[in-house]
Amino acid sequence: MEDLAHEIATSRPVLAKRFVELVGESPIHYLAGWRMHLAQRLLKDSALSVGEVARNVGYESEAAFTRAFWRHGGLPPTAWRRGARTPTRVPTAAR
């Protein structure tokens, strides 16, 4: 956020406020949703392990990714991969 705010010559609070006005959610919530959307696609369309998916979407540990995935969609990634293959939520701007 700091780099982006600097790049567009504004402050972080102003950037965050404008982001919410335009996208409808905070930058951190948008990023979390986008990461989960990408993770769902990787789980559905690849043979990557859950740990590999976690690293591909920016998590340092499989455990942290599993907790975030579960919080976001109500299922752990392995259960989602086995059966619930419909994305639960696509970030607002990606629709």
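Things to note:
- Two numbers describe the Cα atoms of the chain: Rg and Dmax, which are 15.0, 46 Å.
- Simple spin-label estimate for Thr10 and Ala64 in nanometres, 7 Å along Cα-Cβ: 2.8
- Computed FRET value (nearest 0.05) for Asp3 with Ser26, which takes r as the C-beta separation and R₀ as 25 Å: 0.90
- Extension gain for the segment Leu75 to Ser49, taken as residue separation times 0.36 nm less the Cα-Cα distance, is 7.7 nm to one decimal.
- Student exercise, the chain dipole from Lys, Arg, Asp, Glu Cβ charges, in Debye to nearest 20: 480
- Loop-resident sites, the range 28-78, for GluC sites (Glu not before Pro), counting at most 14 other Cβ within 10 Å (DSSP): Glu60
Readers should treat all values here as calculations from the given coordinates under stated rules, not as data from a laboratory. If you're wondering where the values come from, they're calculated on a predicted model, not measured in any experiment. Glycine also receives a Cβ, built like all others from the backbone with ideal geometry; neighbour counts cover every protein chain displayed.
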